[in-house]
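K.L.:
Have a look at the structure that comes next, please.
The values are calculated or read from the model by the stated rules, or taken from the named source; none is laboratory data. Note that the coordinates shown come from a computational prediction; the quantities given were computed from them, not determined experimentally. Here the Cβ positions follow ideal geometry from the backbone for every residue, glycine too, while neighbour counts run over all protein chains shown.
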Amino acid sequence: MSEPQRRVSLARSQAEIVVVAFGLLETVSVGITGSVAALGDTLFPAVSLRASLIQDFSSENILLRLRFLHSMAAATAAIYVLWIILKTPKSNGRVSNQVVMLAGLLISQICLGILNVLLLAPVGLQLVHLLVAELSWVLVVIASATLLLPAVESDSEPTLIADFTAPFGE
Ligand code: HEM
């Protein structure tokens, strides 16, 4: 009797696989630079927006000087998310709920980030920004995987993951 087969095929071109790999790395770098920004904001809280902008560009402290990298990384990651949204195939001419949620989270996250800067990162807003970041990360990973692996083809029989009834050695 033939073994049930499970084929997983990458349905995208090499260029698209490279874009997804860079996009995911970029998304990770948004998290890393965000944590640096959060640490800088916590250890050296700014007293005004003007003072915080001056800190960004002329502080002696490396944590504060690196803070602006977060908005750069967020802008690049946003381009990747827009690319995923455009690339994800529509079903019956409709975009999937997942893509709509991703677009919503991206827009909210950028607004929350700007608000964070303007309001000097109050703790409540930091937590909301962090929560939306986690949700976005989950959706970006799922959307990237969906784009690369549009279908797992399997034979008519259900996929056999492990047969615990078989004796050892068979
Ligand atoms: C793709 C969109 C974005 C993502 C995924 C993102 C993600 C994050 C993450 C993970 C943190 C660390 C939070 C923590 O550890 O407490 C953070 C912090 C921060 N982000 Fe963003 N961010 C985004 C956009 C922006 C934008 C556009 C700005 C402002 C221009 C911004 C401003 C900040 C600031 C000021 C902090 C430090 C205060 C805090 O912890 O909330 N972010 N971000």
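K.L.:
Look at V100 and say whether it is assigned to a helix (DSSP H, G or I), away from the ligand (no atom under 16 Å from the Cβ) and on the phi < 0 side of the Ramachandran plot.
P.N.:
Details: assigned to a helix (DSSP H, G or I): yes; away from the ligand (no atom under 16 Å from the Cβ): yes; on the phi < 0 side of the Ramachandran plot: yes.
Yes.
K.L.:
Could you list, in sequence order, the residues of segment 36-62 that are within 11 Å of the ligand (Cβ to nearest atom) and assigned to a helix (DSSP H, G or I)?
P.N.:
Restricting attention to segment 36-62, the residues satisfying the condition of being within 11 Å of the ligand (Cβ to nearest atom) are 36-42, 45-46, 52, 56.
Scanning segment 36-62 gives V36, A37, A38, L39, G40, D41, T42, S52, D56.
K.L.:
Would you mind finding the one in L105, L112, L147, L130 that is at pLDDT below 95 and in a helix (DSSP H, G or I)? Write out each step before concluding.
P.N.:
Values: L105 fails: at pLDDT below 95; L112 fails: at pLDDT below 95; L130 fails: at pLDDT below 95.
Answer to the check: L147.
K.L.:
Show the residue pairs meeting these rules: Cβ distance below 7 Å; 6+ apart or different chains; first residue within segment 41-63 and closer than 13 Å to L120 by Cβ; second residue surrounded by 13 or more Cβ atoms within 10 Å (Cβ to Cβ) and among the basic types (K, R).
P.N.:
D56/R67
K.L.:
Now a separate question. Filter segment 72-84 down to residues that are touching a residue at least 40 places away in the same chain (Cβ under 8 Å) and more than 10 Å from the ligand (Cβ to nearest atom), then give me how many there are.
P.N.:
Here is the first cut: in segment 72-84, the ones touching a residue at least 40 places away in the same chain (Cβ under 8 Å) are 73-74, 76-77, 80-81, 83-84.
Narrowing the set further to residues that are more than 10 Å from the ligand (Cβ to nearest atom) leaves 83-84.
The number of residues fulfilling the criteria is 2.
K.L.:
Oh, and also: Out of (1) within 22 Å of I142 (Cβ to Cβ); (2) within 12 Å of the ligand (Cβ to nearest atom), what's the single condition that is false for L69?
P.N.:
The number of the failed condition is (1).
K.L.:
Which of the residues that make up segment 78-127 are surrounded by 11 or more Cβ atoms within 10 Å (Cβ to Cβ) and basic (K, R)?
P.N.:
Once the filter is applied, which keeps residues that are surrounded by 11 or more Cβ atoms within 10 Å (Cβ to Cβ) and basic (K, R), segment 78-127 yields only K87.
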